[in-house]
There are 2 protein chains.
Amino acid sequence: MSFEDKIRKVVPYVPGEQPKQKNIIKLNTNECPYPPAQGVQEKLKNFRYEDLRLYPDPDASDITKALANYYKVDEDNIFVGVGSDDVISMAFMTFFNSKSPILFPNITYSFYEVWADLHKVPYKKIPLTDDFRIKKEDYFVENGGIIFPNPNAPTGIYEDLDMIEEIVAKNSDVVVIIDEAYIDFGGTSALPLIEKYDNLLVVQTFSKSRAMAGMRIGFAFGSKKLIGYLKDVKFSFNSYTMNRPSIECAKASIEDDVYFKDTCKKIIKTRQNTEDSLKNLGFTFPKSEANFIFAKHDKIKAKVLLDELKKRGIFVRYFDKDRIDNYLRITIGTDDEMKALIKAFEEIIKEN
Amino acid sequence: MSFEDKIRKVVPYVPGEQPKQKNIIKLNTNECPYPPAQGVQEKLKNFRYEDLRLYPDPDASDITKALANYYKVDEDNIFVGVGSDDVISMAFMTFFNSKSPILFPNITYSFYEVWADLHKVPYKKIPLTDDFRIKKEDYFVENGGIIFPNPNAPTGIYEDLDMIEEIVAKNSDVVVIIDEAYIDFGGTSALPLIEKYDNLLVVQTFSKSRAMAGMRIGFAFGSKKLIGYLKDVKFSFNSYTMNRPSIECAKASIEDDVYFKDTCKKIIKTRQNTEDSLKNLGFTFPKSEANFIFAKHDKIKAKVLLDELKKRGIFVRYFDKDRIDNYLRITIGTDDEMKALIKAFEEIIKEN
């Protein structure tokens, strides 16, 4: 017997390429093209580095207080983690312990499958409809829990709150997780529903609309009961996950609401312009309420477009998977970046 | 059936008190009394906050490169995480999947039991000898893995490398984890043994000797095989755990070796002086090779001392547990802090 027999073997998630060269246009991992709020810079500049010798506040209460104040909920309704990946993985561990399979769409954030494998949670992937929509009736069956993003990724499609509520209401015997990483770009959050349904967990992040992917901050809203269980698991895992600079910078970001709303507005405007240009070039795509567009061209294969863009220093995301292998997921960058993208597409289409 | 039936219920670890009032002497969580290296301050002050919009390097390769260079190992021998708690918890998940119980001392870091419960790993606690030593023969039995700190916590006792090597060698069919959180205060690291034994994982941290508990950085050394498995689990959990400021600051800390060695030397010197003073006051304690002393008084109960110290604004750690409920774990602070502690003890002893 070798020690290798006792090792947990997992197929690791492959994250979007993080090219290290400079002077590229990076539209492949849904990052925000604008910097974080100015207050974040001030916090880092004036950070009392001597305080780093001390453990951080395990409750990260400066973040939960700021979020509670901003979203008008109690601090006890909020859980904070190292990015929404950390929050959702802890939620899988905490809430998905049934023998019945959890349910999520077959086209969605690919980490769900990885977490289910990692935590040995049985799961069933529910096919999206032909036009990439979630069919609520598919989720009215015996299951061990439900998770999907709204807007969904990589499609960008937002499902309205009535449908979300119906799914949550018909599944009161399990926890339903709505992953709202992209909610600030057009959709309406399910947050108010946590008052009515104690089995609902709503997860959000600082990585997209708050331009802080490099800081790793995610959070969840839920009933005090759900948040309590989640905290118990977190505290038994690692009491001190949010480091001191993260806590201070998150607070500064939340406090600058004008900048936050302005950033979201700019991205939505650029998305609309990009949609218009893409349409003119022969692309089709579902209506996006996220900071990306999921598009295919009526003549040229996605893989060809991907490679041609890369030659021009433009990176977008491609998934070599059934049903979506002719689509590109294009992050909304600055207006200039999108103009460069459209120009590149024009060239490629002319040449092919 | 309610969703609560499917919830993982754990007894959360209770971390050392983090008092929020100012002007106290905090000797209860083994933090470093000195600030981090000066370069850490520079990094924060000059941090390009615009870069926070981008995901961090998932490999944190600026840290692994700096560590590899400093400790003369390959980058592939190093794993980095959000504090050693994150590293060890991932190691439990990755390596301890046997039906045989893992083994650790009955008096040790109390998180081991919590992680075993969390990850559903069977375990057996092996009693320390009467003088709080690890008896190697106790670990020469069928088991699913082994973990203990060296120096041990909360005793501060260091076991020599011959013993560590024998335990690792006789357990080649399981993974043996040596938790070296306190190794820089007098012991010799088991690091060189990873070349000879591919079942050995050596874990260290930036929280103690590098004065960066507030930044959350831990790391492990092991064979390329072990580190590879650990990375697979980490990447399936959360690809981006180390945020951008952490990565830059860790690098700056490692690069200032003079400051690092000087800090350790100062703490060791203060520990020696404190030991002398405590002895004169009627305390006994095992020889410590850590940044704390585990002491009991020959007349006054630990609980009384604890409460009296607290009244004077001095916090030390007390464990209300069998065999150690008459001991205090006293972190080594600055010379001035230790003088204040000794003065307080003199007063309390006079009054009691």
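The values are calculated or read from the model by the stated rules, or taken from the named source; none is laboratory data. None of the values given here were measured: they were computed from a predicted structure. Using ideal geometry, Cβ is built from the backbone for each residue, glycine included, and neighbour counts are taken over all protein chains shown.
A few notes on this one:
- Just one of the numbered conditions (1) out of contact with any Gly (no Cβ under 6 Å at 6 or more places or on another chain); (2) surrounded by 22 or more Cβ atoms within 10 Å (Cβ to Cβ) is not true of B:Glu142: (2).
- Listed by first and then second residue, the pairs linking a residue in the range A:196-215 that is assigned to a loop (DSSP other than H, G, I, E, B) to a residue that is among the acidic types (Asp, Glu), with Cβ atoms under 7 Å apart and 6 or more places separating them unless they lie on different chains, are A:Ser209/A:Asp184; A:Ala213/A:Glu31; A:Gly214/B:Asp51.
- Residue in the range B:38-45 that is part of a helix (DSSP H, G or I), over 25 Å from B:Thr331 (Cα atoms) and in contact with a strand residue (DSSP E or B) (Cβ under 9 Å, 6 or more places away or on another chain) present: no
- Test: residue in the range B:273-283 that is in contact with a helix residue (DSSP H, G or I) (Cβ under 9 Å, 6 or more places away or on another chain), closer than 17 Å to B:Glu346 by Cα and aliphatic (A, V, I, L, M): yes
- Which listed residue, of A:Asp257, A:Asp262, is of a type in the set (Asp, Glu), within 22 Å of the chain's Cα centre (by Cα) and under 15 Å from A:Pro33 (Cβ atoms): A:Asp262
- All of (1) in contact (Cβ under 8 Å) with a residue 60 or more places away in the chain; (2) buried (at least 21 other Cβ atoms within 10 Å of the Cβ); (3) over 30 Å from B:Glu31 (Cβ atoms); (4) not basic (Lys, Arg) hold for A:Ala60 with one exception: (3).
- Exactly one residue out of A:Tyr109, A:Tyr70, A:Tyr55 is aromatic (Phe, Trp, Tyr), under 30 Å from B:Arg216 (Cβ atoms) and part of a helix (DSSP H, G or I): that is A:Tyr70.
- Which listed residue, of A:Asp117, A:Asp85, is within 13 Å of another protein chain (Cβ to nearest Cβ), in a helix (DSSP H, G or I), surrounded by fewer than 24 Cβ atoms within 10 Å (Cβ to Cβ) and among the acidic types (Asp, Glu): A:Asp117
- Looking across the range B:88-111, the residues that are facing chain A (nearest Cβ under 10 Å) and closer than 15 Å to A:Phe235 by Cα come down to B:Ile88, B:Ser89, B:Met90, B:Phe111.
- Every test in (1) more than 14 Å from chain B (Cβ to nearest Cβ); (2) within 24 Å of B:Asp85 (Cα to Cα) is passed by A:Met242 save one, and that test is (1).
- Within the range B:297-323, being part of a helix (DSSP H, G or I) and in contact with a Phe, Trp or Tyr (Cβ under 8 Å, 6 or more places away or on another chain) holds for B:Ala302, B:Lys303, B:Leu305, B:Leu306, B:Leu309.
- Residue, nearest to A:Ala213 (Cα to Cα), within the range A:88-106, restricted to residues that are hydrophobic (A, V, I, L, M, F, W, C) and assigned to a helix (DSSP H, G or I): A:Ile88
- Residue that is under 20 Å from the mean Cα position of the chain (by Cα), of a type in the set (Gly, Ala, Ser), assigned by TED's automatic domain parsing to the domain that holds B:Glu337 and outside any strand (DSSP E or B), where the choices are B:Ser246, B:Ser277, B:Ser288: B:Ser288
- Of everything in the range B:7-34 that is facing another protein chain (nearest Cβ under 8 Å) and over 23 Å from the mean Cα position of the chain (by Cα), the residue that is surrounded by the fewest Cβ atoms within 10 Å (Cβ to Cβ) is B:Lys9.
- Subset tally (residues that are of a type in the set (A, V, I, L, M, F, W, C) and not in a helix (DSSP H, G or I)) for the range B:145-177: 9
- Screening A:Ser189, A:Ser172 for residues that are in contact (Cβ under 8 Å) with a residue 12 or more places away in the chain and within 10 Å of chain B (Cβ to nearest Cβ) leaves exactly one candidate, A:Ser172.
- Residue list for the range B:110-134, filter: closer than 13 Å to B:Asn152 by Cα and touching a Ser or Thr at 6+ places or on another chain (Cβ under 7 Å): B:Phe132
- Screening A:Ile268 against (1) crowded, with 19+ Cβ neighbours inside 10 Å; (2) over 29 Å from B:Lys234 (Cβ atoms); (3) hydrophobic (A, V, I, L, M, F, W, C) leaves a single unmet condition, (1).
- Only one of B:Asp307, B:Asp325, B:Asp257, B:Asp336 that is surrounded by fewer than 16 Cβ atoms within 10 Å (Cβ to Cβ), modelled with pLDDT of 95 or more and closer than 30 Å to A:Cys249 by Cα: B:Asp257
- A:Phe111 being surrounded by 21 or more Cβ atoms within 10 Å (Cβ to Cβ), in the same structural domain as A:Glu142 (by TED's automatic domain parsing) and modelled with pLDDT of 95 or more: no
- Qualifying residues in the range B:122-144 (those that are touching a helix residue (DSSP H, G or I) at 6+ places or on another chain (Cβ under 6 Å) and not aromatic (Phe, Trp, Tyr)) - the one nearest to A:Phe92 (Cα to Cα): B:Ile126
- Residue count for the range A:203-239 under the criterion of being at the interface with another protein chain (Cβ under 8 Å from one of its Cβ atoms) and of a type in the set (Ser, Thr, Tyr): the result is 4.
- Of all residues in the range A:107-127, those satisfying the criterion of being over 22 Å from A:Phe185 (Cα atoms), in contact (Cβ under 8 Å) with a residue 40 or more places away in the chain and out of contact with any Phe, Trp or Tyr (no Cβ under 6 Å at 6 or more places or on another chain) are A:Asp117, A:Leu118.
- Matching residues in the range A:35-56 - criterion: being at the interface with chain B (Cβ under 7 Å from one of its Cβ atoms) and crowded, with 17+ Cβ neighbours inside 10 Å: A:Pro35, A:Pro36, A:Val40, A:Gln41, A:Leu44, A:Phe47, A:Tyr49, A:Leu52, A:Arg53, A:Leu54, A:Tyr55, A:Pro56
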